[in-house]
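Heads up, the thing below is written out as structure tokens.
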């Protein structure tokens, strides 16, 4: 009787439960144990029992039809594992390359300061970062020079010694002046 109130011009209003019932398929499993097993598998997959059954039926039908566009869950899991292994290999390779890059940077810093460690006359190539920093700032605190070049004088004493020799040479040529705790650019 209550449904009759909602009827319009001879058409019955369709309720949500009516549309659900049109899509529903009742499946009776052979045993309660099988239902529990399916429910546990669905829970393990993070799916509702309804979604679990739909996926597995669709997988089975697509395998029968040999539909290549719809992969099976097992294929997807296998592919994910392969990709995870590939990512792991790439991460290891990246780590190795990063360490090699750091070592090469250290070696490069030593190589650039090597001429200043030797007592020779003639042309030497100066650390470009030092010259650019002096031109830009005008004065630089003595301890800050190592930060500009990117070295730790406690860990890289020979490189620090080469940088100090560069500063001494720049002072000797009259390009910078020692003012206590500051180096002042004169040009």
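What follows is calculated from the coordinates using simple rules that are stated; it is not laboratory data. The structure displayed is predicted, hence computed values, not measured ones. Glycine gets a Cβ as well: all are built from the backbone with ideal geometry, and neighbour counts include every protein chain shown.
Key figures
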read-out: Count of residues meeting criterion [surrounded by fewer than 16 Cβ atoms within 10 Å (Cβ to Cβ) and either more than 36 Å from the chain's Cα centre (by Cα) or at positive phi (or both)] in segment 127-163; value: 7
read-out: Scope segment 28-52; condition in contact with a helix residue (DSSP H, G or I) (Cβ under 8 Å, 6 or more places away or on another chain) and either under 21 Å from residue 76 (Cβ atoms) or surrounded by fewer than 11 Cβ atoms within 10 Å (Cβ to Cβ) (or both); matching residues; value: 38, 41, 42, 45, 47, 48, 49, 51, 52
